[in-house]
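Engineer: Take a look at the following structure, please.
Throughout, read-outs are computed from the coordinates displayed, never taken from laboratory work. Nothing here was measured: the structure is a model prediction, and the numbers come from that model. Glycine gets a Cβ as well: all are built from the backbone with ideal geometry, and neighbour counts include every protein chain shown.
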Amino acid sequence: MRRLPWAVWPAAFGLAFGVWAWPQVAWQFGPAPTVMVARRTPGLANLPTLTRRVADPAVVQALYADIETLPPFPRGTISCPIDFGVEWVLRFYRGSEPLLTADLQAGGCGAATLEPGGGPPRWTMTGSGPSLWRDLGRALNLSPRALRGVP
């Protein structure tokens, strides 16, 4: 039986690790989305429920990138602005295949949860959060006040 040269072992380990790790991260680096469906639930704000479909791949991929780079929600005690209960549920698809669902708080602390495999809550108030709200407003042709449900 021949032994592998020492220089081959790092490559063999990397291949084995990649085979194990790929299912863990594939949702993040999988195919780019082409369609997004956004649904607003009005909460306490006097707004109608709103559902819109965005099919421009460049716009959808920009929103997807904003969401993927949201920072984790802070630990400990924080003070948050008023929350009128407005939420956005963004569903991303590659063709008809669902890729990601993001549930975003439009007010309050601005928490975001991602499924599948999104891990702990994310925060829409810092990092890529401001660009997410700006890009979402442009994609849906809504003002910042209408987007957040501010009376």
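Engineer: Can you list residues from other chains, or at least 5 along the same chain, whose modelled amide H is less than 5 Å from the amide H of V35?
Structural biologist: Counting only residues 5 or more places away or on other chains, the set is Y93, G95.
Engineer: Going highest first, how would you order 99-112, 75-88, 130-143, 50-63 by mean Cβ packing within 10 Å?
Structural biologist: Output ranking for 99-112, 75-88, 130-143, 50-63: 99-112, 130-143, 50-63, 75-88.
Engineer: Label points 7 Å out from Cα along the Cβ direction at R138 and T113: separation in nm?
Structural biologist: 3.0 nm
Engineer: Translational D (Stokes-Einstein, µm²/s) of the range 112-151 at 10 °C and 1.306 mPa s when Rh comes from the Kirkwood sum over C-alpha pairs?
Structural biologist: 141 µm²/s
Engineer: Next question. Return a whole-number percent for the relative contact order of the range 62-119, with Cα pairs under 8 Å and 6 or more residues apart as the contact set.
Structural biologist: 28 percent
Engineer: Using a/c under 1.5 as the rounded threshold, could you call the range 79-151 rounded, prolate or oblate? The axes a ≥ b ≥ c are square roots of the C-alpha gyration tensor eigenvalues, and prolate needs a/b larger than b/c, oblate otherwise.
Structural biologist: oblate
Engineer: Under 5 Å between amide hydrogens, which residues at least 5 positions from L44 or on another chain qualify, with H placed 1.01 Å from N in the peptide plane?
Structural biologist: Under 5 Å from the amide H of L44: G85, V86.
Engineer: Under the rule of at least 5 residues apart or a separate chain, name every residue whose amide H is placed under 5 Å from the amide H of L50.
Structural biologist: Sorted by chain and number, the residues that satisfy this are R40.
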